[in-house]
1. State which residue is surrounded by the fewest Cβ atoms within 10 Å (Cβ to Cβ) when the search covers only region 31-42 and only residues that are touching a residue at least 60 places away in the same chain (Cβ under 8 Å) and either acidic (Asp, Glu) or closer than 12 Å to Ala20 by Cα (or both).
2. So which of Phe45, Phe64 is at pLDDT 95 or above, of a type outside the set (S, T, N, Q) and crowded, with 18+ Cβ neighbours inside 10 Å?
3. Inside region 57-114, can you point out the residues that are without any contact (Cβ under 8 Å) to a residue 60 or more places away in the chain and outside any helix (DSSP H, G or I)?
4. Out of Val55, Val69, report the one residue that is touching a helix residue (DSSP H, G or I) at 6+ places or on another chain (Cβ under 8 Å), modelled with pLDDT under 95, under 29 Å from Leu173 (Cβ atoms) and not basic (Lys, Arg).
5. Could you grab me the full set of residues in region 99-133 that are farther than 16 Å from Ala185 by Cα, among the β-branched types (Val, Ile, Thr) and surrounded by fewer than 24 Cβ atoms within 10 Å (Cβ to Cβ)?
Amino acid sequence: MNRLFAKSVSAILNPFVLLAVFPYILILKANGNSSEAFYWTVFSFIFLLVFSLLVLIGVEKGYFSDLDVSKRKERPLLYALAIALSVIYALFLYFLKAPEALFIALFGLIFGLICMEYVNRITKASVHVATISAFATALTLGYGPAFGLSFILVPLLAWARIKTHNHTKKQTLIGAGMGVFITLAVYVIFKYIV
């Protein structure tokens, strides 16, 4: 029963799910226009689907052992694919004159992927936990302290990733720290430096 619940938590709080809704939340906060937020969310979702298809093909061809890309040695390819697709996405955003908020989020994503690749050389960090902690940090910074309650999802997801034997406690702690650090770094860079 606990393992089934843990798998459900991992599926619901998957980085794909969080990244699918994030553009809407971000753009709605930036300009208050729900139809524009919906448009850019659908547009961004197409790139998430392409990335997911690439991972599926990678599993089918044997480049990845599973959909979570659980093996550390397989992750550099995953990060390289994500960064390459992010660059293509950035070009589309530029030519389609996307809202600035999407560029800032994309910068954070690419910065996060580079950091994850670097950490991956030493140990495996939880991308799931990094994503939820980044999401909770962004919500709190963007919408106020009341959204700090979203941080309760971080230990829940960490527990789920440990329970399903995808990560150790140390790997989830590293992921959580990275998510918060990367989001705060991007926030400071764009609010006070750029």
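The values are calculated or read from the model by the stated rules, or taken from the named source; none is laboratory data. Quick caveat, the model's predicted, so the values are computed rather than measured. Ideal geometry is used to build each Cβ from the backbone, glycine not excepted, and the neighbour counts take in all protein chains shown.
1. At the first step, the residues of region 31-42 found to be touching a residue at least 60 places away in the same chain (Cβ under 8 Å) are 31, 36, 40.
Going one step further and asking which of them are either acidic (Asp, Glu) or closer than 12 Å to Ala20 by Cα (or both), we end up with 36, 40.
Working: Glu36: 16, Trp40: 22.
Step by step, filter region 31-42, then rank; the result is Glu36.
2. Values: Phe45 fails: crowded, with 18+ Cβ neighbours inside 10 Å.
The conditions single out Phe64.
3. Answer for region 57-114, where residues must be without any contact (Cβ under 8 Å) to a residue 60 or more places away in the chain and outside any helix (DSSP H, G or I): Gly62, Tyr63, Phe64, Ser65, Asp66, Leu67, Val69, Lys71, Leu96, Lys97, Ala98.
4. On the way: Val55 fails: modelled with pLDDT under 95.
Val69 is the lone residue from the list that is touching a helix residue (DSSP H, G or I) at 6+ places or on another chain (Cβ under 8 Å), modelled with pLDDT under 95, under 29 Å from Leu173 (Cβ atoms) and not basic (Lys, Arg).
5. The answer is Val119, Ile122, Thr123.
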